[in-house]
Amino acid sequence: MCGIIGIIGDKPVTQRLLGGLKRLEYRGYDSAGIAVIETDATGAKLSRRRAEGKIHNLEERLKQSPVDGILGIAHTRWATHGQANETNAHPHFAGRVAVVHNGIIENFMALRAELQEKREFVTQTDTEVVAHLIDDAMKSGLSAQEAFTKTLKRLEGAFAICVIIDGIDEHLFVARRGSPLAIGIGEGENFVGSDAIALNTLSNDIIYLEEGDWAVLKTDNIQIFNADDKPVTRETVRVSGSMAAAEKGNYRHFMLKEINEQAETVSHTLTHYVDAFHMRVKSPEQLQVPELDFSAVQRLSLMACGTAFYAASVAKYWFEQLAKLPVDLDIASELRYRQPVLAKDTLALAVSQSGETADTLAALRHCQKLGLKTAALINVSTSTMARIVDFSLPLNAGPEIGVASTKAFTSQLTALLALAISAGVQRGHISPKAEHELVTALTQVPRQITQALALEPQIEELALELSKSRNAFYLGRGVHYPLAMEGALKLKEISYIQAEGYAAGELKHGPIALIEEGIPVIGIAPLDALFDKTISNLEEVATRGAKILLITDAQGAKKAENLKGERLICPPTHLHTAPIIYAIPIQLLAYHTAIHLGTDVDQPRNLAKSVTVE
Ligand code: M6R
């Protein structure tokens, strides 16, 4: 995650941009920068100051070399493409154009190659190409607004962008696709920021741009357009000064906000684990765990609880298939009582959002007593687990407040797949070509998440039917079997519907006795090698009266056209990344079912966010 802020007004902006950057520093602090249209005796010109490291370095730079204006943009960076140095710091310039950006431009290499002959690129970032595309389009005779919208149509990925242009000091252009962007309404001036926290003290009247929106901010008006370039009106929300309220934004619940953040949070996780410039996984040295050597490990012992356990369960398939590394998988609360035989060349890897779950901590400590090396994949970097293990691996999904885990799950899957690829590379089972293909698939996940989020209106309707049942089944095979269990867990914990997740082929060995007229059965089945088998199992329950909802892709829907029931169509995905994208509809289905039932979504009964007792 990076942080963005912009101001267009009639008063100097630099100090206020700096204030916004300080509030955004939690989103990243590799480098920071500011660009303004500066007016002096010689006229107006685009100027910038940038500094490596935290915001106070930029503040010092500005003290030594002040710059100010009435239109400006600023950025605090969490490096994705290119090292964290001053050259790669935002804003990026090309000709008359300055850009700040949060997210990943997936097709930047292709766009860069296209412009390479006529344009000089000075950074390794994906962002610089945006500035060049806009400047190039203006040079070809388009107006600034036409150049901006033409450029947006060329970009693939999940991003938020702000642009200012030399010579056009009455416009600030902004766009949102995948990454959030909030507009603050002022008097005689307007603001834009990554979230309402950035705009705190500047404005309490906030417009949250919706997916695909772009806007032109002037001092006295704001024009917003949707992805089809049609003018639209978006609701203005009055936020209190309180950070907590601002953090929930205009979402009704933290859970819904966290579900919607996932294109961005997964990007953030990806940034840590993959080098998207070269389409490779990062080396242990780059991950700052130089001694994490999967080629020296004979066995992996995965341990976790709840949702984290289901992420680990998916990872068992990945480590075994991609790295040929045998995996033991334990519910953490069971591990030490099972008294597993664990040889010294086993790596113990715990997965935990909080890093404080008592059962997972106990399992890790048990492994430490047996003399094993330990690692933990955790979201809270200051947690106990982070401190006690040999290798602390961050999730970087940001604070998760909703008790039902959502964004931590997709980040866990993302990091675990990257680690499985890394293990495959280190153990000689993944060629450079295969690594390139797998990492490319990973970098496409944020965009596919955004596409899956667009299923929400349809899911809301399907959830109404589901909310009328007291029982439900989720079925899946292969990596989608743990996902079926996660879908059932989500339903149980927030809607209180008794739901079971089963391996589709196992149902006929007993639980099929529970199938009766009208019981909802949700099948998770993208078109893969196991598709036909899952569909046969769904047919078995459909003939016994079950109401089927099939979550699949367009090709799967076509192939299973004779299966009775409803469909949810996810975007096409790579075989190995599919569980990350298919997590989105199951989360939304649980959320909207709970809303129809009127439960307390963020704080469901009997639960706690972090379970610190055995
Ligand atoms: O913080 P952790 O990931 O260790 O927590 C593990 C479980 O307690 C947690 O995933 C729980 O199952 C969630 N409520 C699931 O939504």
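The values are calculated or read from the model by the stated rules, or taken from the named source; none is laboratory data. In this text, all values refer to a predicted model and were calculated from it rather than measured experimentally. We place every Cβ from the backbone using ideal geometry, glycine too, and count neighbours over all the protein chains shown.
The residues on offer are GLY398, GLY424, GLY402, and the sole one that is crowded, with 21+ Cβ neighbours inside 10 Å, more than 9 Å from the ligand (Cβ to nearest atom) and in contact (Cβ under 8 Å) with a residue 12 or more places away in the chain is GLY424. Among the residues of region 375-412, what is the count of those that are of a type in the set (Asp, Glu) and either outside the structural domain of ARG365 (by TED's automatic domain parsing) or modelled with pLDDT under 90 (or both)? Number satisfying all stated conditions: 1. Of the strands (runs of 3 or more DSSP E) lying entirely inside region 203-262, those carrying at least 3 residues that are modelled with pLDDT of 90 or more are 205-208, 214-217, 222-225. I need every pair where a residue in region 455-472 that is under 9 Å from PRO520 (Cα atoms) has its Cβ under 6 Å from the Cβ of a residue that is surrounded by 13 or more Cβ atoms within 10 Å (Cβ to Cβ) and small (Gly, Ala, Ser), sequence separation at least 6 or different chains. Within 6 Å, the pairs are ALA472/ALA499. Does ALA415 fit the bill of being within 16 Å of the ligand (Cβ to nearest atom), touching a strand residue (DSSP E or B) at 6+ places or on another chain (Cβ under 6 Å), modelled with pLDDT of 95 or more and part of a helix (DSSP H, G or I)? Yes, satisfied. Within region 277-311, being aliphatic (A, V, I, L, M), within 16 Å of the ligand (Cβ to nearest atom) and assigned to a helix (DSSP H, G or I) holds for ALA308, ALA311. When region 154-168 is filtered for residues that are more than 16 Å from SER179 (Cα to Cα) and not in a strand (DSSP E or B), the ones remaining, listed by number, are ARG154, ASP166, GLY167. For ALA35, the conditions (1) touching a Pro at 6+ places or on another chain (Cβ under 7 Å); (2) assigned to a loop (DSSP other than H, G, I, E, B) are fulfilled apart from (2). Kindly provide the set of residues from region 181-210 that are in contact (Cβ under 8 Å) with a residue 60 or more places away in the chain, touching a helix residue (DSSP H, G or I) at 6+ places or on another chain (Cβ under 9 Å) and surrounded by fewer than 19 Cβ atoms within 10 Å (Cβ to Cβ), ordered by number. Passing the criteria: only THR201. Between GLU120, GLU114, GLU156, GLU146, the distinction of being surrounded by fewer than 19 Cβ atoms within 10 Å (Cβ to Cβ), in the same structural domain as ASP228 (by TED's automatic domain parsing), of a type in the set (Asp, Glu) and within 25 Å of ALA32 (Cβ to Cβ) belongs to GLU120 only.
Taking region 492-514 as the range and being away from the ligand (no atom under 16 Å from the Cβ) and without any contact (Cβ under 8 Å) to a residue 24 or more places away in the chain as the test, the residues that pass are GLU506, HIS509, GLY510, ALA513. The number of residues in region 363-385 that are farther than 19 Å from VAL297 by Cβ and in contact with a strand residue (DSSP E or B) (Cβ under 6 Å, 6 or more places away or on another chain) comes to 3. Checking each residue in region 312-360 for being more than 13 Å from the ligand (Cβ to nearest atom), in a helix (DSSP H, G or I) and of a type outside the set (Lys, Arg) picks out VAL314, ALA315, TYR317, TRP318, PHE319, GLU320, GLN321, LEU322, ALA323, GLU334, LEU335, TYR337.
Residue pairs whose Cβ atoms lie under 9 Å apart, separated by 6 or more positions or on different chains, with the first residue in region 560-588 and on the phi > 0 side of the Ramachandran plot and the second surrounded by 22 or more Cβ atoms within 10 Å (Cβ to Cβ) and part of a helix (DSSP H, G or I), are GLY565/LEU538. None of GLY556, GLY545 is out of contact with any helix residue (DSSP H, G or I) (no Cβ under 7 Å at 6 or more places or on another chain) and either within 16 Å of the ligand (Cβ to nearest atom) or among the small types (Gly, Ala, Ser) (or both) except GLY545.
The residue that is surrounded by the fewest Cβ atoms within 10 Å (Cβ to Cβ), counting only those in region 386-395 that are away from the ligand (no atom under 12 Å from the Cβ) and touching a residue at least 60 places away in the same chain (Cβ under 8 Å), is ASP390. Of all residues in region 470-496, exactly one satisfies the criterion of being surrounded by fewer than 24 Cβ atoms within 10 Å (Cβ to Cβ) and among the hydroxyl-bearing types (Ser, Thr, Tyr), namely TYR496.
Considered as a group, the residues in region 8-27 that are closer than 17 Å to ASN102 by Cα and buried (at least 24 other Cβ atoms within 10 Å of the Cβ) include one that is modelled with the highest pLDDT, and that residue is LEU17.
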